[in-house]
Amino acid sequence: MQRTWLALALSATAVALAGCGEQAPAPKPEAKAEAPKAPPPPPSIEIKIGHAGPLTGGIAHLGKDNENGAQLAIDEANEAKLKIEGKDAKFVLLKEDDQADPKQGTTVAQKLVDAKVNGVVGHLNSGVTIPASALYNQAGIPMISGSATNPKLTEQGFKNVFRVVGRDDQQGPAIASYLAAERKPKLVAVIDDATAYGEGIANEVEKTLTAAKIKVLPREKGTDKTTDWKAILTKLRGRKPDAIFYGGMDATGGPLIKQGKELGIKAVFSFGDGACTDKMTELAGPAAEGLLCSQAGIPPQAASRKFLDAYKKKFNVAPILYAPFTYDAANLLIEAMKKANSAEPSKYLPELQKLSFSGATGPISFDDRGDRKDAEITIFTMKGGKIEPIAVVKGGKTFGYEEFLKTMGGG
Amino acid sequence: MDVFLQQVVNGVTLGAVYAVVALGYTMVYGIIQLINFAHGEVVMIGAMVAFSVISALAPSGLPPLAVVLLGTGFAIPVCMLVGYSMERLAYRPLRRAPRLAPLITAIGISIILQHLALMIWSRNILAFPQILGTTTYFVGGAAITNVQIAIIAICVALMGGLAALVYRTRLGTAMRATAQNPQVAGLMGIDINRVIAATFVIGAALAAVAGVLYGTYYGIAQYTMGSVLGLKAFSAAVLGGIGNIPGAMLGGVLLGVVEALGAGYIGDVSDLCRYGWIAALMDVRCADGGHFILFGSEYQDVFAFLVLILVLVLRPSGLLGERVGERA
C-alpha cells in the first residue's frame, strides 16, 4: 500500500517537473528567432530612471505604492517601443529605499547620481526630498516628486526640481474657499498650534476668508502639546462663530473638536491635512463626525479609469495614495525625452518645463518654480469614522467630488 | 456671564485633578520634607496602565463603566508598587543625606519612569478608547458633561477619604506624629519606615486615579504627560501651603480656576486696542475693529508658574501654611 502511494507521488512529481520543463523552454525559440533580427540594424539606448522612497519602515506600503506607479509608467513606455535619437529606447527603473530618513535619502540620491540616471521620480517625504534635491541639482538631473508637499522644495531656486502634487500653502486657500462657498459663514474663528506648519496654514485661511469679506475673530493660539482647549473654546463660544478652523496636527486637533462639542459649540470644525486622518475619530470619538479637512492632491480612486485599470491588472491591488502622481511623474520625464528626442538631462529639461501633459491626475503643467499649475486640493468630511472626499478645489474653483470624478473619467 | 461661569466650571474640573495630584506632593513633603519630583510620572504610569487595560477590554462587550473601573483597578496597585519601590530604592537610603541628594534622585527616577514608559508604550500619543458616552448638561448657560461631574465627585470623595484617613485612623495619627518629629515618633514605638512607605503608597494610589481621570477627560495619554501635570500640581501644593493637606485641595482647585480664567481673558485684557489712548497711538492696527493682542491664549501654561513665583515671593508658606519660613 505504501509503495503504491510512493509511486503515485513520484509520478505526480515527475509530471509536474515535466510540466515545468515544458513551459520554460517554450518561449525560447521565439526569443531566439527574434534576437538575431532586432539588434544589428537599429542600436538600442538604455534610459535609466531612478525611483526613491521608503521600502522599509512604518510607511513602506506608501513607498511601494509610489514605486508601483513609476514602474507602470516605465513598463507602458517599453511596450510602446519608443524611439529616442533614432534608437530603440529601453527604459529601466532603478529602485532605491530611502527609509523615509533624510540621511539615507541623500545616500541613495548619491547612488542614483553615480549610476548616471537620466531622471528621478521621488522621493516620498518632504523632509527627505528637500536634502536629496540638492544632490540631483548639482548633477543636473531632473527630479519630479509625486508626494512632497512642503513649499520649501520648490523655493530653493533649483531649475531641475518639480512636483506634480499640490503645496501645503495651497491647502489653506482651498479649505477656506470651500468653507466660504459651501457653508457661507459670517464669522470664523481661527486657531493654530504656534508651529511653522500650523501658523502658516492658519494665516492662509485667514487671508482667503478676509478676501471673501468674511469676518475673522482675533487669532487664538495653543501649542503642539496643548491638551486643554476649553478656555479658548469657551471664549470662542461666547463670540458665536459659524465655523472654526484649526491649523495643527490630529494629536491636538482631536481633543480640540471633542472639547468643542462637549461645550455645545455648533460651529463647523475644519482642519488642514495634519488633522485630516481617521485618527481624529479615535481621539475624539463621535464628536469628530462632520468635520471638514483638506489634503493636497486627489484620492487615488479619483485618478483616471485607464490608470486605475492598468494598475489593478498589473499589481493586483488598488493604488493606496500617491501612485497616480508618481505614474504621472515618470510619464512626464518620458514625454519630455520624447519631445526633445534625447534622454540627455540638459537637452530634455527645457521641454519638461514647458510641457503640457494630460496625466492620470488630470492636466499637468509647471510654473516657474516647478510647482504644478492649478494643483488639486481635496476636501474631506468625517463620516462613520472615516474621512470621505466630498469636493475638489482646483484653481480657486470648487467641484463636487462626484462631478470631479466624471471629468476625470472623461479625460 | 455664561462665559465666565463656563470658565469656572472648566477650571474646577481641571483643578480637582490638580488637587488630587497635589495631595501626593504635600503628604510626602509634610512627612519627610522631600519634594518628590517623580510624582507626576506616577500619574502618567497610572494613565498608561489604565489605557492598556481599557484598550484590551473595550472590544470584550463588558459594560463601559466596568471596563474603566477595571482599568483603574489595575492602575492603582501598579502605581502603589511604583511608589513603594521609589521610596525604598531612591529615598530611604538617602534619608540622612543632605537634602539636595534625594531631590536629585527624584529627578533621576522621573527620567527613568518616563523612558520606561517610552519603551513600553512608544512615543506616540495614545487615544483612550471613547467608550464612556459623553452627555452634556447645561446649567445656567454653562455646559457640564457627565464625565466632568464624575471627575469632580470622585476627587471630592478622594479628598474626603484622605482627610478621614489622616485625622481619624491610627495610621493617620502615626503619619501626623512622624511629620511633627520622626525621632520622637520612633521613640513612641511608631515604625517610621512603615509610615513613610505608607505615605508614598497612598500618594501613588491617588496619582493613579488622577491619571485615569485625566486620560478619560481628555481622551489622550502620552509618556510626557506627567511632567507638566506634575509641575502644576506642585505649584498647587505650594499655593495652598506645602505640607498642608487642606491647603493642597484648595490650591489645586484655585490653580485650575486661575488657569482657565487666565487663558480665557488674557487675550482680551492685553488687547491694546481696548485702551483708548494706546489705540489712538497705533490707529492703523486698531482701525475698523482691529486687534493688537500682546499675550494670547498660548500663554495658558504660564499662569500656574506665575502663581508659583508670586506665592514664593509674597507668601512662601502658602495660603493655609503656617509661617514657618524655614520649611517652605
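Only the coordinates and a few stated rules stand behind these numbers; no lab work does. These figures come from a predicted structure and were not determined experimentally. Quick reminder, even Gly has a Cβ in these numbers, built from the backbone with ideal geometry, and neighbours come from all protein chains shown.
For chain A, averaging the sequence separation of C-alpha pairs within contact (under 8 Å, six or more residues apart) and dividing by the residue count gives a relative contact order of 16 percent. Could you tell me which of the pairs A:LYS186/A:LYS406; A:LYS90/A:LYS347; A:LYS313/A:LYS383; A:LYS48/A:LYS111; A:LYS235/A:LYS261; A:LYS159/A:LYS347 are separated by over 21 angstrom between their Cα atoms in the structure shown? Violating the 21 Å Cα-Cα cut-off are A:LYS186/A:LYS406; A:LYS313/A:LYS383. With q set to 0.08, 0.09, 0.11, 0.16 Å⁻¹, the log10 of I(q)/I(0) for chain B, from the Debye formula over equal scatterers at the Cα positions, is -0.41, -0.51, -0.74, -1.36. Taking trypsin sites (Lys or Arg not before Pro) as exposed when DSSP calls them loop and at most 12 other C-beta atoms lie within 10 angstrom, chain A has its longest site-free stretch at A:267-372.
If you plug the beta carbon distance of B:ALA56 and A:LYS354 into 1/(1 + (r/R0)^6) with R0 = 41 Å, you get a FRET efficiency near 0.10.
Spin-label model, A:LYS383 to A:ASP224: label points 7 Å out along the Cα-to-beta-carbon direction sit 3.3 nm apart. Within chain B, the longest run free of exposed loop sites, counting trypsin sites (Lys or Arg not before Pro) that sit outside DSSP helix and strand states (H, G, I, E, B) and have at most 13 other Cβ atoms within 10 Å, spans B:124-322. When only Cα pairs below 8 angstrom with a gap of at least 6 residues are kept, segment B:3-314 shows a relative contact order of 35 percent. Placing a pseudo-label 7 Å from each Cα along the Cα-to-Cβ vector at B:ALA97 and B:GLN183 gives an inter-label distance of 2.3 nm. Show log10 I(q)/I(0) for the protein assembly as shown at q = 0.10, 0.11 Å⁻¹, two decimals, from a solvent-free Debye sum over equal Cα scatterers. Relative scattering, expressed as log10 I(q)/I(0), comes to -1.03, -1.14. Calculated [222 nm] ellipticity per residue, helices only, for the protein assembly as shown: -18500 deg cm²/dmol; basis is -39500 (n - 2.57) per DSSP H run with n ≥ 4, divided by all residues, nearest 500. Extension gain, B:TYR275 to B:ILE104, is 56.8 nm, computed as 0.36 nm per intervening residue step minus the present C-alpha separation.
Cys residues of chain B that find no other Cys beta carbon under 4.7 Å: B:CYS79, B:CYS155. Full extension of the chain between B:LEU81 and B:PHE305 yields a length gain of 77.6 nm, computed as 0.36 nm times the residue separation minus the alpha carbon distance. Of the residues A:GLY198, A:PRO389, A:GLY248, the one whose Cα sits farthest toward the positive end of the charge dipole of chain A, with +1 on the Cβ of Lys and Arg and -1 on the Cβ of Asp and Glu, is A:PRO389. Checking every one of the GluC sites (Glu not before Pro) in segment A:56-130 against DSSP loop status and a limit of 15 other Cβ atoms within 10 Å picks out A:GLU85.
Counted residue by residue at 0.36 nm each, then reduced by the alpha carbon distance between them, the extension gain from A:GLN110 to A:LYS159 reaches 15.8 nm. Applying 1/(1 + (r/R0)^6) with R0 = 25 Å to the Cβ-Cβ distance of A:PHE315 and A:GLU402 gives a FRET efficiency near 0.40. For segment A:45-62, the residues whose amide N sits under 17 Å from a probe point set 7 Å from the Cα of A:LYS347 along the beta carbon direction are A:45-49.
Shielding of peptide B:218-228 by partners, expressed as the average count of other chain Cβ atoms within 10 Å per residue Cβ, is 3.
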